[in-house]
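Read through the structure below, which is laid out as structure tokens, and then see the notes.
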Amino acid sequence: MRVRSAFRYSITAKLLGIVAICVGFVVAASGVGVYQIRKIGQEIEFIAEAEVPLTDAIGHVTAHRLEQTILVERLMRMSLIGIEGRVIETEDERAKTEARILYLGGKITGEFAEVADIADQGISLASTEAQVTEFQTVLRTIKAIGQEHEDYSVAVSKILSKSKRGDSLEAESLLQEVSGTHSKFNMELEQLLFRVQALAESAAKAAAKHEQNAIRFTILISLGAAGFSVLLAMWLGRWAIGAPLLEVVNALRRLSRNDFDAELPVDRSDEIGDIGRAFRAFKAHLISVKEQERIETERQAELTREIRLLSELNEWLQSSSSLDELFEMVSLFMTKLLPSSAGAVYVYSNSRDVLDGACTWNGGTLEAHIRPNSCWGLRRGRPYVYGDNEVSFRCSHVAPDLADNVYLCLPILAHGETVGLMHLSPAAGASNEEFLSQRKLAQMAAEQVSLAIANTRMRDELHNKSIRDPLTGLFNRRHFIDVLRSGLERSQHSGQPISLVSIDVDHFKKFNDNYGHDAGDMVLRAVGSTLEEICDGDQMPCRLGGEEFMVLLPETSLSHAEAVAETVRLAIEKIVMRYGEKSLPKITVSCGVAGYPNHGRMPQDIMKSADDALYLSKDNGRNRVTVARSDFNETADDLELLREEAAQDHEANAKKQDDAEHTEDAA
């Protein structure tokens, strides 16, 4: 059991503390008086150590400068008029005078240095800003007069030199030039002496005034100490007893409003300290409960967010029009859905011998191709976590520098078939625990992606079958006409030409009659392959039916289209084919060229013009290229039809734009 001291809960201890504080206050008041007396001592020290020596030093400088001036003038008078009307200047007298002048010049220089040192000392001893300013002014004046003295000494040396050589008039002229300035600075030096003496007098008066103020202040503060001690005792009593209780009440009120910043002292050795420790323990319990509620709320919010993102992911993936668009959506959603994971998606190629890199997110590594047997997840047919078990084997498709990191391989399955692989690893700054905690969510996302990939591939395959010719792989007639119609609409706005090349295999019936339909199919496939090799960019070949082909050449003039048709004709003519053990006859084609705007504005008009040119090629001996004649004339009905179609297209585009805006607003 803890032993409590006799004064722990005693009011007497607090009162004794209050009395001690009051006594300390009286002692502090006495200290103020001592400080004032010390301040007076500083004033006296300032007068004794700064101003008095400075006055003496300036006086010495003034006297020596006057003596120097008199000697120089005397020497000049002796040189000009001599003594008692006779030039009786002896070398001995002149030498003594010059020696005295030079001696005074050196002594004055030393005295100026001494005056400057005393002024610097006065700045350091000054107790007021006014004194510092005054001494700085004195120091500047002393330095200016000292500089003038150096100039004057140099001039005196020249004067003495000229006088010794007998150039007394020049020496007198030089003396007159410097005497005015020298006299002016001598007057400033005398004024400076009076100024320093006035400063000493003002400092002495200030010291006397400080002494009176110190005595008055000490008496007043001693009288007020007793009355203030009573007020201080009352205030300290309220502070020592009443204020802590009020602090307890306020802290409890704040805690009742869920304000957990409320605090009570816990380091006190009285009842307030016990209450503070109990208050802290109770508050810690409440904070723990609130923190658990917050964590659960955040977990539910995160779960709701994940479900919402999965739902949005599924909706967007089902709306994708191509695999490229689908993988772009996957990258964006996975960045939000799996922020602690860096990942990549691979899909099987059509040959199913390799998996192609599709997309990546959060800095994941993406290889161009990986082999199916390089991944343990694909080989085992289920998710594989490297580093989760005591014994794990690294997949070959993982980079060697990442071999020791935890990662996850999720096979992407759809309709009982593996369509790809999702590879996940911890993102930069994410721990292994955070990464593995998203494993279940990653599996759910992989299921969504797998179904979307399967559906998109099935849709692409069906769409491809609907627009492709099954024998040659070229586009079919219906798709060709749709693309031609769209191209004509763009050309009507841009003014760019469009050309068509109509192609027909010469004597194709003979191939079927003489060698069979299989040989005829070989010929058609060879022609289709040649067209695909020659056409590039936006140029689109198609098979209209039977042995008839057509090539769409956007933004191509008739002359260029004719050159392309000639290239096609020559390339097909060079085809060498064998059917079984027999060599098939040389394949030739007849071509007709037509285009917009020379041969019409409607798809059927241009196609008919190209076919007519094709028939001319056949009539003229086949295996040649013919350009259609430009005899197309628009009628009023044709123009009215074009205007109606343009208006319908404009309305359709406006409706699509409105629908898109409504969809964005709803999202």
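The values are calculated or read from the model by the stated rules, or taken from the named source; none is laboratory data. What you see is a predicted model; the values in this text were computed from it and never measured. Glycine gets a Cβ as well: all are built from the backbone with ideal geometry, and neighbour counts include every protein chain shown. These accessible areas exclude ligands, DNA and RNA; they are computed on the full protein's heavy atoms, side chains included. Shrake-Rupley method; radii C 1.70, N 1.55, O 1.52, S 1.80 Å.
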Under-5 Å amide H pairs with VAL627, H placed in peptide plane, nonlocal only: VAL593
Toy charge model, Lys and Arg Cβ at +1, Asp and Glu Cβ at -1: region 253-293 dipole around Cα centroid in debye, rounded to 20, equals 140
Charges only on Cβ, +1 for Lys and Arg, -1 for Asp and Glu: so what's the dipole of region 237-368 about the Cα centre, in debye to the nearest 20? 800
Cα-based radius of gyration of region 487-568 once divided by 2.2 N^0.38 Å, which approximates compact folds: 1.27
Cβ-based charge dipole, region 403-476, positive-most Cα from LEU441, MET422, LEU462: LEU462
Based on the alpha carbon coordinates of region 428-504, what radius of gyration and maximum Cα-Cα distance (Dmax) apply, in Å? 23.2, 68
For region 313-448, state what percent of all Cα-Cα pairs lands in each successive 10 Å bin, counting from 0 Å until the bin that includes the largest distance. 12, 47, 35, 6, 0
Using the Cα centre of region 434-577 as origin and beta-carbon charges of +1 (Lys, Arg) and -1 (Asp, Glu), tell me which of GLY473, ALA565, PRO541 is placed farthest towards the positive end of the dipole. GLY473
In debye to the nearest 20, the charge dipole size for region 508-558, taken about the Cα centre with +1 at each Lys and Arg Cβ and -1 at each Asp and Glu Cβ, equals 240
Mean separation of Cα contacts under 8 Å (at least 6 apart) over the residue count of region 425-583, i.e. the relative contact order in percent, is 24
What number do you get for region 421-563 when its Cα radius of gyration is normalised by 2.2 N^0.38 Å, N = residues? 1.65
Karplus 3J(HN,Hα) series, Hz, for region 372-377 with 6.51 cos²θ - 1.76 cosθ + 1.60 (x for Gly, Pro): x, 7, 8, 10, 5, x
What is the percent carbon and sulfur in the accessible area of region 249-331, measuring with a 1.4 Å probe over the protein chains and ignoring ligands? 54
If you plug each phi of region 276-287 into the Karplus form 6.51 cos²θ - 1.76 cosθ + 1.60 with θ = phi - 60°, what whole-Hz ³J(HN,Hα) values come out, in order, with x for Gly and Pro? x, 5, 5, 4, 5, 5, 5, 5, 4, 5, 5, 4
For region 289-353, whose charge dipole is built from +1 on Lys and Arg Cβ atoms and -1 on Asp and Glu Cβ atoms, the candidate among MET334, GLN300, SER320 with its Cα farthest towards the positive end is GLN300
Long-range share for region 531-621, i.e. C-alpha pairs more than 22 Å apart as a percent of all pairs, stands at 30
